[in-house]
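Inspection log for the structure reproduced underneath, given as structure tokens.
The values are calculated or read from the model by the stated rules, or taken from the named source; none is laboratory data. The structure displayed is predicted, hence computed values, not measured ones. Heads up, the Cβs are rebuilt from the backbone with ideal geometry, glycines too, and the neighbour counts pull from every protein chain shown.
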Amino acid sequence: MHPVLVPNNAAVHTQKNHIPQNTHPNPFYTRQEIKETTTTCLLKYMRRAAAINRANSLVGGLFSFRFTKHVKAMSSSSSSASQDFVSRPVIKKVFAKLQKEGDGAVVRRGISRSEQKLLDPFLMLDEFSVSPPAGFPDHPHRGFETVTYVLEGGITHQDFKGHKGTIYAGDVQWMTAGRGIIHSEMPEEEVNTGLQLWINLSSNEKMIEPNYQELSHSDIPSAEANGVEVKVIAGESMGVQSPVYTRTPTMFLDFTLQPGAHIHQNVPESWNAFAYVLESGEGGCVFGSSNASPVSAHSVVVFGPGNDGVSAWNKSSSKKLRFVLIAGEPIGEPVVQYGPFVMNTQAEIDMTIEDYHYGKNGFEMAKYWMSQ
Ligand code: FJE
Ligand code: FE
């Protein structure tokens, strides 16, 4: 197998450290996780916190053009609007723990094999934070799509067919791996964070030609009303529609709620849906019912079935709430996964490993290519 498929052998972080009292906490790590990191991690954290402060002071005076539309009662900062809609209930909450992936990279895996049945067609959700020289060097994919949404910094990708580019903050790469992609995904800056979602393809699309849909932040439509802003990465919300073609019908929305704001988003009845919390004030993030218990940042919230959409409240009086709401039409087929290969049967996985090894059926360039 390709070396990147072997788990990396970096030492487990156990050493305790003193954390400076007045340092702004790195939002990627919880206080407990920061306490548990090694000296090297602490240095990275401090570099990152400094970079965040620099970035924050830069962003302060900048305003970007925004496509804003007024929407009826879909979002509201008054709690009375919540009575108009019934939300799907929250049936599972998962705190995304840190784990190592690629070469020295750290991800929070919000969705993994244990959620795949509940959340068909979604296979994986990682919140990544990666600094050079760590990254995701040359590795293959087959049988699904990867959606990379960069939140800070940049990720440079290169594939074995010569396709390359950098995904910057706010940009999205919607990659259909289909019959096969081999690529590298490496960080550009000091601080590079974002989400990577894996969406399954149905059996009749698993072996299609690979394809990319690349959206710069300015191509992603957004809307704003009543303390709610939405960036529509896939699907439709608050009257605006994404240009992304989703082979597996998918909704991918990035919501920011100001303190006290509320949102109800319709989701098709048969679709599975979840939210992933990126940022929240203490006790601020509430889903499903206005008096439900709050969820913390870095949590996946799985919604139960129902024809109503989902509701969210920002109960914080001072901090904004940011989460992504992701929903998709279930495929309803067996899933057999071997790392970055996702097929319907073990025989297809065996064939994929052979194709990758011998450079066949879409992996022809495997023998000759290496990223630069
Ligand atoms: C992977 C090896 C990998 N999460 N989040 C094996 F390198 C990867 C992989 C990633 C990844 C990449 C980005 Cl940019 C963001 C990620 C895993 O590339 F998924 C497996 N199984
Ligand atoms: Fe990849």
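Looking at the stretch 329-365, which of the residues that are in contact with a Phe, Trp or Tyr (Cβ under 6 Å, 6 or more places away or on another chain) and in contact (Cβ under 8 Å) with a residue 24 or more places away in the chain is farthest from ligand 2 (Cβ to nearest atom)?
Selected residue: Glu329.
Select from the stretch 154-197 the residues that are within 15 Å of ligand 2 (Cβ to nearest atom), of a type in the set (Asp, Glu) and over 19 Å from the mean Cα position of the chain (by Cα) and list them in ascending order.
Hit for the stretch 154-197 is Asp159, nothing else.
Do the conditions hold for Lys231, that is, is it under 16 Å from the mean Cα position of the chain (by Cα) and more than 16 Å from ligand 2 (Cβ to nearest atom)?
So Lys231 passes the test.
Of Gly178, Gly153, Gly143, which residue is in contact with a helix residue (DSSP H, G or I) (Cβ under 9 Å, 6 or more places away or on another chain), surrounded by fewer than 22 Cβ atoms within 10 Å (Cβ to Cβ) and either among the aromatic types (Phe, Trp, Tyr) or at pLDDT 95 or above (or both)?
None of the others qualify; the one that does is Gly178.
Of the conditions (1) away from ligand 1 (no atom under 11 Å from the Cβ); (2) over 18 Å from the mean Cα position of the chain (by Cα); (3) under 24 Å from Met365 (Cα atoms), His139 fails just one. Which one is it?
Just one mismatch for His139, condition (1).
Scan Thr68, Thr30, Thr39 and give me the residue that is surrounded by fewer than 20 Cβ atoms within 10 Å (Cβ to Cβ), within 19 Å of Val301 (Cβ to Cβ) and either modelled with pLDDT under 95 or within 16 Å of ligand 2 (Cβ to nearest atom) (or both).
Of Thr68, Thr30, Thr39, the one residue that is surrounded by fewer than 20 Cβ atoms within 10 Å (Cβ to Cβ), within 19 Å of Val301 (Cβ to Cβ) and either modelled with pLDDT under 95 or within 16 Å of ligand 2 (Cβ to nearest atom) (or both) is Thr30.
Any residue at all in the stretch 126-141 that is part of a strand (DSSP E or B) and closer than 19 Å to Val244 by Cα?
So far as the stretch 126-141 goes, no, none of its residues is part of a strand (DSSP E or B) and closer than 19 Å to Val244 by Cα.
All but one of (1) over 19 Å from Asn26 (Cα atoms); (2) within 18 Å of the chain's Cα centre (by Cα); (3) within 12 Å of ligand 1 (Cβ to nearest atom) hold for Leu119, so report the exception by its number.
Checking Leu119 against (1) over 19 Å from Asn26 (Cα atoms); (2) within 18 Å of the chain's Cα centre (by Cα); (3) within 12 Å of ligand 1 (Cβ to nearest atom), the one that fails is (3).
Could you list, in sequence order, the residues of the stretch 106-153 that are within 16 Å of ligand 2 (Cβ to nearest atom) and of a type in the set (Lys, Arg)?
Result: Arg109, Arg142.
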